[in-house]
Amino acid sequence: MILDSLPLPEDRFYPSDKFGFSCHEGLTCFNSCCRDKHLLLTPYDIIRLKKALKIHSDDFLCNYTIYHTDQNSGFPVLSLKLGDAPERCCPFVEKQGCRVYANRPTACRLFPLGRASSIKQDGSRPDEFFFLLNTSGCLGFNKKEELTISQRLEDQEVLPYIEMNDKMLEILFHPRRDRKKPLDDKQLRKVMVACYNLDVFREFVFNTNFLDLFEIDLETRSKIANEDEALLNLGLAYLRRTLF
Ligand code: SF4
Ligand code: SF4
């Protein structure tokens, strides 16, 4: 998440802080949070969702996302395309709940919290903190069911998402990037294909001299042929090396 301004220090939560929250079907607010939200999608969110829907990344981007560029950085930002007003429902919400629940995006797993992270120059785990989002109408706050934030992250199976999402920080905070200049069209297209449109990136990798040019070993070739996570890691490495 790219924040316009940082939450005040007293409004921040850290992994060992306790947080009482419990969301379940019996609540009268059930499903009400799955509408009218600006829901950002990370590259790893898109991998999981397109796999759940069994569709090509191009179809996912065309049918389920809204594209814009971040005003300051010029980096592409994708959000989930919602249904028509006034409800503006998420396309995946059904009466019984989320139809892609096992593959729901990072923002849904973290809700009602948001997470901010920034890179450390020594390569160790990024600094992170959490903060409460707008939760009007949410009835999930419950003192009896307190977990630490760390426990909640495990409970919501969000750690693999965080690990992959944080790899984007190395591109956003790349030492060769001129922070005053937004990305140009060529850089923008590179990021879109190597991070977000992975099925097209795979076609590019296997149908050009990419594998030889970047000396990709046989084991990696076999992995990226079948695993989107491995291909995204290659895409990120390619961007780290060539984007700036
Ligand atoms: S993806 Fe699922 S959990 Fe997230 S907003 Fe849509 S229906 Fe709700
Ligand atoms: S509004 Fe809060 S408690 Fe209600 S379904 Fe959404 S997250 Fe759960």
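The values are calculated or read from the model by the stated rules, or taken from the named source; none is laboratory data. Computed from a predicted model, the values in this text were never measured in an experiment. Cβ coordinates were reconstructed from backbone atoms using ideal geometry, including for glycine residues, and neighbour counts include every protein chain displayed.
Can you tell me how many residues in the range 20-33 are assigned to a loop (DSSP other than H, G, I, E, B) and either in contact with a helix residue (DSSP H, G or I) (Cβ under 8 Å, 6 or more places away or on another chain) or near ligand 2 (Cβ under 7 Å from one of its atoms) (or both)?
We begin by selecting, within the range 20-33, every residue assigned to a loop (DSSP other than H, G, I, E, B); these are 22-33.
Okay, now just the ones that are also either in contact with a helix residue (DSSP H, G or I) (Cβ under 8 Å, 6 or more places away or on another chain) or near ligand 2 (Cβ under 7 Å from one of its atoms) (or both), so 23, 27, 29-33.
Result for the range 20-33: 7.
In this structure, does residue 222 turn out to be small (Gly, Ala, Ser), away from ligand 1 (no atom under 16 Å from the Cβ) and touching a Ser or Thr at 6+ places or on another chain (Cβ under 7 Å)?
Values: small (Gly, Ala, Ser): yes; away from ligand 1 (no atom under 16 Å from the Cβ): yes; touching a Ser or Thr at 6+ places or on another chain (Cβ under 7 Å): no.
When the stated conditions are applied, residue 222 does not pass them.
Go through the residues of the range 77-85 one by one and say whether even a single one is hydrophobic (A, V, I, L, M, F, W, C) and within 22 Å of residue 187 (Cα to Cα). Outline the logic, then answer.
Step one: of the range 77-85, the residues hydrophobic (A, V, I, L, M, F, W, C) are 77-78, 80, 82, 85.
Now narrow it down to the ones that are within 22 Å of residue 187 (Cα to Cα): 77-78.
Scanning the range 77-85, I find at least one residue that is hydrophobic (A, V, I, L, M, F, W, C) and within 22 Å of residue 187 (Cα to Cα), so the answer is yes.
Could you list, in sequence order, the residues of the range 87-145 that are part of a strand (DSSP E or B), more than 18 Å from residue 38 (Cα to Cα) and within 11 Å of ligand 1 (Cβ to nearest atom)?
94, 97, listed by residue number.
Inside the range 77-86, can you point out the residues that are within 30 Å of residue 155 (Cβ to Cβ) and part of a loop (DSSP other than H, G, I, E, B)? Spell out how you get there, then give the answer.
In the first step, residues of the range 77-86 are kept if they are within 30 Å of residue 155 (Cβ to Cβ); the result is 77-83.
Within the range 77-86, 81, 82, 83 meet the criteria.
Output the number of residues of the range 79-130 satisfying the condition of being of a type in the set (Ser, Thr, Tyr) and more than 21 Å from residue 150 (Cα to Cα).
So in the range 79-130, the residues of a type in the set (Ser, Thr, Tyr) come out as 79, 101, 106, 117-118, 124.
Checking which are more than 21 Å from residue 150 (Cα to Cα) leaves us with 79.
Total satisfying the criteria: 1.
Quickly run through the range 93-150 and pick out the residues that are within 22 Å of residue 17 (Cα to Cα), of a type in the set (Asp, Glu), at pLDDT 90 or above and over 18 Å from the mean Cα position of the chain (by Cα).
146
Identify, by number, the condition in (1) part of a loop (DSSP other than H, G, I, E, B); (2) within 16 Å of ligand 2 (Cβ to nearest atom) that residue 74 doesn't meet.
For residue 74, the exception is condition (2).
Before we move on, is residue 68 within 20 Å of the chain's Cα centre (by Cα), within 17 Å of residue 107 (Cβ to Cβ), surrounded by fewer than 13 Cβ atoms within 10 Å (Cβ to Cβ) and within 16 Å of ligand 2 (Cβ to nearest atom)? Step through it out loud before you land on a result.
Numbers: within 20 Å of the chain's Cα centre (by Cα): yes; within 17 Å of residue 107 (Cβ to Cβ): yes; surrounded by fewer than 13 Cβ atoms within 10 Å (Cβ to Cβ): yes; within 16 Å of ligand 2 (Cβ to nearest atom): no.
The answer is no for residue 68.
Being modelled with pLDDT under 95, touching a helix residue (DSSP H, G or I) at 6+ places or on another chain (Cβ under 6 Å), among the β-branched types (Val, Ile, Thr) and under 24 Å from residue 60 (Cβ atoms): is that true of residue 171 here? Let's see the steps before the verdict.
Numbers: modelled with pLDDT under 95: yes; touching a helix residue (DSSP H, G or I) at 6+ places or on another chain (Cβ under 6 Å): yes; among the β-branched types (Val, Ile, Thr): yes; under 24 Å from residue 60 (Cβ atoms): yes.
Against the criterion (modelled with pLDDT under 95, touching a helix residue (DSSP H, G or I) at 6+ places or on another chain (Cβ under 6 Å), among the β-branched types (Val, Ile, Thr) and under 24 Å from residue 60 (Cβ atoms)), residue 171 qualifies.
Could you give me the residue pairs with C-beta distances under 6 Å whose first residue belongs to the range 179-195 and is within 17 Å of residue 234 (Cβ to Cβ) and modelled with pLDDT of 95 or more, whose second residue is among the hydrophobic types (A, V, I, L, M, F, W, C) and in a helix (DSSP H, G or I) wherever it lies, and which are 6+ apart or on separate chains?
Filtered contacts from the range 179-195: 193/200; 193/201; 194/201; 194/239.
Determine which member of the set 80, 49, 41 is aliphatic (A, V, I, L, M) and within 16 Å of ligand 2 (Cβ to nearest atom).
Numbers: 49 fails: within 16 Å of ligand 2 (Cβ to nearest atom); 41 fails: within 16 Å of ligand 2 (Cβ to nearest atom).
The match here is 80.
Among the numbered criteria (1) away from ligand 2 (no atom under 16 Å from the Cβ); (2) surrounded by 15 or more Cβ atoms within 10 Å (Cβ to Cβ), which single criterion is violated by residue 85?
Going through the list (1) away from ligand 2 (no atom under 16 Å from the Cβ); (2) surrounded by 15 or more Cβ atoms within 10 Å (Cβ to Cβ), residue 85 breaks only (2).
Which numbered condition in (1) in a strand (DSSP E or B); (2) within 18 Å of the chain's Cα centre (by Cα); (3) under 19 Å from residue 116 (Cβ atoms) is the only one that residue 38 fails?
Single failed check for residue 38: (1).
Working only within the range 119-141, note down all residues that are in contact (Cβ under 8 Å) with a residue 60 or more places away in the chain and surrounded by fewer than 13 Cβ atoms within 10 Å (Cβ to Cβ).
Matches in the range 119-141: 137 only.
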